[in-house]
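Every number in this text was worked out from the coordinates using simple rules, so none of it is lab data. It should be emphasised that the depicted structure is a prediction, and the values quoted were computed from it without experimental measurement. Note that we place each Cβ from the backbone using ideal geometry, even for glycine, and neighbour counts take in every protein chain shown.
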Amino acid sequence: MKISEIRETLKLTDAIACKSDNEVQGVYIGDLLSLVMAKAKPADLWLTIQTHINIIAVADLIEISGIVILEDMAIDEDTLQKAVEIGIPIFRTKLSAYEMACQLHDLGL
Amino acid sequence: MRELIKRYVFQVQANDFDNAGAASSTIKRNLKTIAINPSIVRKVAVASYEAEINIIIHSNGGEMVLEIYEDMISIKANDKGPGIQDVDLAMSEGFSTASNAARELGFGAGMGLPNIKKYSDNFKITSNEKGTRLTIDIMIE
């Protein structure tokens with residue numbers, strides 16, 4: 001499924017303008033970076049409340065399709081700039097991890 | 001004796017959380033340009049990231065060395081101390097001495113060294129007050 005389809009269906013807010021319309025094959029939820037590094041798969045959509053710039057390095061290293069920042073957490077400006085530079089879509093939602101996961105599951109992920 | 005094809009050295013600063021992962025990202029890009037199998041690139045990326053984060057969180061700074069051989073990728077992570085008090089304990093999953101500040105940023109899960117060992121084909125660690133030295137070898141299939 002394309003990330004643009006998820007974005008539109010679930011009404012996610014763009015945190016940056018990013019043209020990458022990556023394919024999403026799965027979902028990973030986590031806030032401990034080492035666990036995300038070890039367990040998330042390439043082309044996963046990553047749901048997290050972490051907003052520090054390092055999430056972009058993690059997403060880039062393991063080739064995550066996109067990041068959804070949960071619970072309407074404020075995102076550091078450095079993080080947004082790095083996401084633009086690397087080309088990783090990053091979205092915001094008011095939803096919790098559970099609510100977001102249920103919606104993604106309903107979409108077939 | 002293996003023939004060394006290429007060698008890169010990256011400096012890593014203590015407490016430089018904002019640039020955490022920069023060396024590992026460059027290592028990954030270098031490997032992608034020479035068409036290494038993606039599953040090998042991932043193993044190297046995870047292991048090098050954890051080693052880099054350890055230098056940033058726990059040490060007085062250090063360097064990462066990437067060596068590319070025909071049949072193997074080798075990463076060396078060498079820091080300038082203060083060393084790990086109990087290496088066996090540090091190797092156990094979930095044990096961490098990371099600061100609260102580091103934990104708030106999502107570091108300090110206590111998975112760093114165990115992840116490195118898991119993703120390595122050959123892993124060596126030595127540590128004393130002058131520094132910790134990791135050797136991480138990953139075979140190219």
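Summary of values
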{"read-out": "Average beta-carbon neighbours from other chains, 10 Å sphere, peptide B:48-57", "value": "2"}
{"read-out": "Residue with peak Gaussian network fluctuation, chain B [Cα springs, cutoff 10 Å], from B:Glu63, B:Glu104, B:Glu52", "value": "B:Glu104"}
{"read-out": "FRET efficiency, B:Ile5 to A:Ala43 (Cβ-Cβ, R0 30 Å, nearest 0.05)", "value": "0.50"}
{"read-out": "Centre separation in Å (Cα based) which lies between the range A:51-83 and the range B:92-141", "value": "23"}
{"read-out": "Convex hull volume per residue in cubic angstrom - Cα atoms of the protein assembly as shown", "value": "122"}
{"read-out": "Distance (nanometres) between label positions extended 7 Å along Cα→Cβ at B:Asp16 and B:Tyr69", "value": "2.9"}
{"read-out": "Sorted by Cβ neighbour density within 10 Å, fewest at the top, the residues A:His105, A:His52, B:His58", "value": "A:His105, A:His52, B:His58"}
{"read-out": "Charged-residue dipole, Cβ positions (Lys, Arg, Asp, Glu), the range A:32-85 about Cα centre, Debye nearest 20", "value": "300"}
{"read-out": "Paramagnetic reach from B:Asn122 in the range B:71-93 [backbone N under 16 Å; point 7 Å along Cα→Cβ]", "value": "B:71-77"}
{"read-out": "Too-long pairs where the Cα-Cα distance tops 32 Å, listed order kept, from A:Lys94/B:Lys28; A:Lys2/B:Lys43; A:Lys94/B:Lys117; A:Lys39/B:Lys32; A:Lys39/B:Lys80; A:Lys11/B:Lys32", "value": "A:Lys94/B:Lys28; A:Lys94/B:Lys117; A:Lys11/B:Lys32"}
{"read-out": "Simple spin-label estimate for A:Met1 and A:Cys102 in nanometres, 7 Å along Cα-Cβ", "value": "1.6"}
{"read-out": "Reach of B:Lys124 by Cα under 13 Å, taken over aspartates and glutamates that are not fewer than 8 positions away in the same chain", "value": "B:Asp88, B:Asp137"}
{"read-out": "Sequence of B:Ser59, A:Ser20, B:Ser25 once ranked by neighbouring C-beta atoms within 10 Å, starting from the fewest", "value": "A:Ser20, B:Ser25, B:Ser59"}
